[in-house]
């Protein structure tokens, strides 16, 4: 089987409000309105029409971009109303015909990205002082309701027709897998028996019952709806600690050089070796002449190294996921000046009360989570000249393993900063050091208190790296590790990594990616959903699905 | 597709030490020794040989029985050594040829049962004062190591050859799905990068490194091994709060009447309607003349209603899972005297310091968990004459929905007891009332404080039942609910229920059943594992597996 020939559409994540085809982003003082108005004929593929504000990945890329830009470009925005410009329709959810026509890997990665986008909404609410109000002006089904669930509050129009629903199970034989089931019982705390009913009635729930069941926060008649939304949006905006006015920071296009064998950005490169199914991800640390005041950081804007480098890293990870599914192992390298990296960390930590610095830190955090959640094996290679220090050491901690060269003739160190101590939490609510040292929590403080870098033996003794081969063993040990990884079942590796990476407590976020996503992935490959007579296949045709009714 | 014709071996869970074929259970004062000695030719099916102490469901049924009997029949046992009678072999794990030849549903239910058995070991340690020491006298691979992980401590012989290993991913393209991955990082807190290495090297880890990596607690040379195990077993036994001597309570065979359309026990019946794919589970509450002292309870032994009824319920659930996979919906009914049920609860609560009473309560707890974890839809029907009170009301709380008839001409009530308030915790560490009322935790105390039963309106108002149709609507509403459930995709229902039933905190147990099991189930249906050239299919043959290397 020559799987290396698989051709996929090359997805770009680059967009901007003036190029949006599916969303309108408007501003009115502290309130932004993000209105869904999906163009039926502007899907990523011509094979389906995006009717009734149904969405594909392209629609969600714009949504993710809009949320990101509100955070960076519009500090004066304190609340966001998420609504629709279509009459009597909020959103019909993910496009079924798109799902039906997609490969398993595409479905899984589409859902992963849309999950990350919804979690980014909740991250903005929790950490950036931006509250989200879902203003459901019409029918709100499946992924549409899952988008609403990610908002802080949900208002539904009470017009006798508009309902919220999760019709995935009754109509399609799949799950509301973009956080839907989890958020219904864990975030909105809908009683489990009512959630069971809600999850099996295709028509959904509307009006007062939707409020009583906690599915929405309020319903209002059409005549009052817009005004109630406007009033509540102002109230939500008043809670914010964001600046009263701008200017914001413009996010300019990344414009990487993309070739058949890699992607080159300013601080990040991704080199693809398709024969070996291995990619090399290299991040270059901050150079000389970094700013030392908050004013200078603002003046640099998106050219400031942490934002620039992590935007590039984020983009590289996303392209890798969608465009290069055959790459199983990613070798992670860094290079640069560790002192400059630590200085940047200290600068960020000293200025956390600045809104822009806060946004940068949370963006770095989200990018590192994106790495944790990427189903590829990551091996960090720590060699002389590398820059695994502070924030960039998180890349080694996020990796499944790390190898550090112990060559007496070539100095090689790693270093920690306070940034490793608390701000860059994983989905499980712990830092990567806390997750690493679950067995000996006191080791977290011990390694953070060290003044100065760790040489290979010290790093190994401290448990900060997996292995420290000497110069005689290095080449063979690293090569064998990479080669043997590439030979293993990619599915087993995905499952193994999903279980080993997130020890410790569970959060709504890890539940969504661990429990809900895993079940959805299972269902996405079962004949009852995707077989010739499965429900996803039969949807929209004249034929009814036929099930193998064996329960597992 | 006429799936109703599917024929499966009828599995019985009835066994006893004098009939074990694969284990020897011996006693030496406070220490029991449970020795694996699997008979190659005594598998449930003649299609495979159980070499090297590999196991199938039949082996695990004996293990589960042994643990149960130690708890009830041998109160004088305070520690259990789990070891093997085979030279240089502890256990090679689940039998690969059995897995390869099994249907997906069988694999899933086999793993579920073995997971429950290992959790029963941990339950005995946490709640019954019985500590478990895994004495690994030889190679210990896959499910063998997962069994060891369920014990409190693991000793490994240091003979230069014996290793612990999880070869599932490198050899078979599947996961160590019987809790292995979860327990490695969450229970033993093995560092995630070391766990990653351990999970990908087929030969495993032995000697000092196994201790350093926290995979085992100690290694001893062959010459010292038995003596060290014996000494430590005595130390563990000394920690127990169990009685110094018996007598225990003999668990006599349940001996139900099994026909093609159902199973009849003394207090439980399971009626199977294969055409509708619906079963009716009826539990009859305690009759008149229940004991009122601990002595009387002991005198009744396994004829005491709670133990008898819940042993029958447990057996019925297990048979349903394995022998009737086409039954998708289970209607749950009860009948009997609510006052007698509440009196039993009060008697149990008043005598919790008695070892036998304690065992009964934890057994009831485990049986109810078995119901939570059974992938069938449960609808409780609460009608006049029913006995949904106290412990038996947990059946309604465990159900996905409950319907309570509100007929002014026929009194119909439910009632709570203190047993609903704390002892019968779910896998998520909460009671079913706490899970139900996550949105309003104060409601838990409010309903528990009520003196007396709830009529249908009061039960509905209190949120204790899902619906309370009147006598005009009852038949249609119940019939439609059951019929429409039976028409849905069984896979989507399984995934939905697995997500909705366990809101709130996660525990190692919910991680095993939610996250790890879901990923394993996904992998168990992927071509890379079970396809014509998948790793599970290719194992033991001359051909190497061929993978689709697309990552998801």
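When residue B:272 is tested against the conditions (1) under 26 Å from residue B:244 (Cα atoms); (2) within 14 Å of another protein chain (Cβ to nearest Cβ), the lone failure is (1). If you check B:482, B:512 for being more than 27 Å from residue A:211 (Cα to Cα) and surrounded by 18 or more Cβ atoms within 10 Å (Cβ to Cβ), only one passes: B:512. As a summary of the residue check, residue B:98 satisfies the conditions (1) closer than 21 Å to residue B:70 by Cβ; (2) in a helix (DSSP H, G or I) except for the one numbered (1).
On the stretch given as the range A:465-477, residues that are farther than 15 Å from residue B:201 by Cα, in a helix (DSSP H, G or I) and touching a strand residue (DSSP E or B) at 6+ places or on another chain (Cβ under 9 Å) total 1. Considering A:340, A:316, the condition of being surrounded by fewer than 24 Cβ atoms within 10 Å (Cβ to Cβ) and in contact (Cβ under 8 Å) with a residue 24 or more places away in the chain is satisfied by A:340 alone. The residue list A:42, A:79 contains one member that is touching a helix residue (DSSP H, G or I) at 6+ places or on another chain (Cβ under 7 Å), under 23 Å from residue A:116 (Cβ atoms) and at pLDDT 95 or above, which is A:79.
Looking across B:184, B:211, B:197, one residue alone is buried (at least 16 other Cβ atoms within 10 Å of the Cβ), within 30 Å of residue B:30 (Cα to Cα) and either more than 10 Å from every other protein chain (Cβ to nearest Cβ) or out of contact with any helix residue (DSSP H, G or I) (no Cβ under 8 Å at 6 or more places or on another chain) (or both). It is B:211. Do you know which of the residues in the range A:498-509 that are crowded, with 24+ Cβ neighbours inside 10 Å and not in a loop (DSSP other than H, G, I, E, B) is nearest to the other protein chains (Cβ to nearest Cβ)? The selected residue is A:499. Of the numbered criteria (1) facing chain B (nearest Cβ under 10 Å); (2) more than 19 Å from residue B:402 (Cβ to Cβ); (3) buried (at least 19 other Cβ atoms within 10 Å of the Cβ), the one residue A:204 fails is (1). Suppose the filter is under 25 Å from residue A:510 (Cα atoms) and free of Cβ contacts under 8 Å to residues at least 40 places away in the same chain; does residue A:166 pass it? The answer is yes for residue A:166.
Residue A:322 falls short on exactly one of the conditions (1) within 14 Å of chain B (Cβ to nearest Cβ); (2) assigned to a loop (DSSP other than H, G, I, E, B), and that condition is (2).
Note on the range B:530-552: residues that are at the interface with chain A (Cβ under 10 Å from one of its Cβ atoms) and over 30 Å from residue B:121 (Cα atoms) total 12. Of all residues in the range A:155-181 being part of a loop (DSSP other than H, G, I, E, B) and at the interface with chain B (Cβ under 10 Å from one of its Cβ atoms), which is surrounded by the most Cβ atoms within 10 Å (Cβ to Cβ)? Residue satisfying both the conditions and the ranking: A:176.
Would it be correct to say that residue A:134 is within 30 Å of residue A:245 (Cβ to Cβ), in contact (Cβ under 8 Å) with a residue 40 or more places away in the chain and outside any helix (DSSP H, G or I)? Against the criterion (within 30 Å of residue A:245 (Cβ to Cβ), in contact (Cβ under 8 Å) with a residue 40 or more places away in the chain and outside any helix (DSSP H, G or I)), residue A:134 qualifies.
Apart from one condition, residue B:448 fits all of (1) outside any loop (DSSP other than H, G, I, E, B); (2) crowded, with 20+ Cβ neighbours inside 10 Å; (3) in contact with a helix residue (DSSP H, G or I) (Cβ under 7 Å, 6 or more places away or on another chain); the exception is (2).
Count of the range A:395-437 residues, restricted to those that are at pLDDT 95 or above, under 24 Å from residue A:123 (Cα atoms) and either away from chain B (no Cβ under 14 Å) or surrounded by fewer than 18 Cβ atoms within 10 Å (Cβ to Cβ) (or both), is 9. Within 14 Å of chain A (Cβ to nearest Cβ), farther than 22 Å from residue A:493 by Cβ and touching a helix residue (DSSP H, G or I) at 6+ places or on another chain (Cβ under 9 Å), is that true of residue B:241? Criteria not met by residue B:241.
The values are calculated or read from the model by the stated rules, or taken from the named source; none is laboratory data. What you are looking at is a predicted structure, and each value in this text was computed from that prediction instead of being measured. Backbone-built Cβ (ideal geometry, glycine too); neighbour counts: all protein chains shown.
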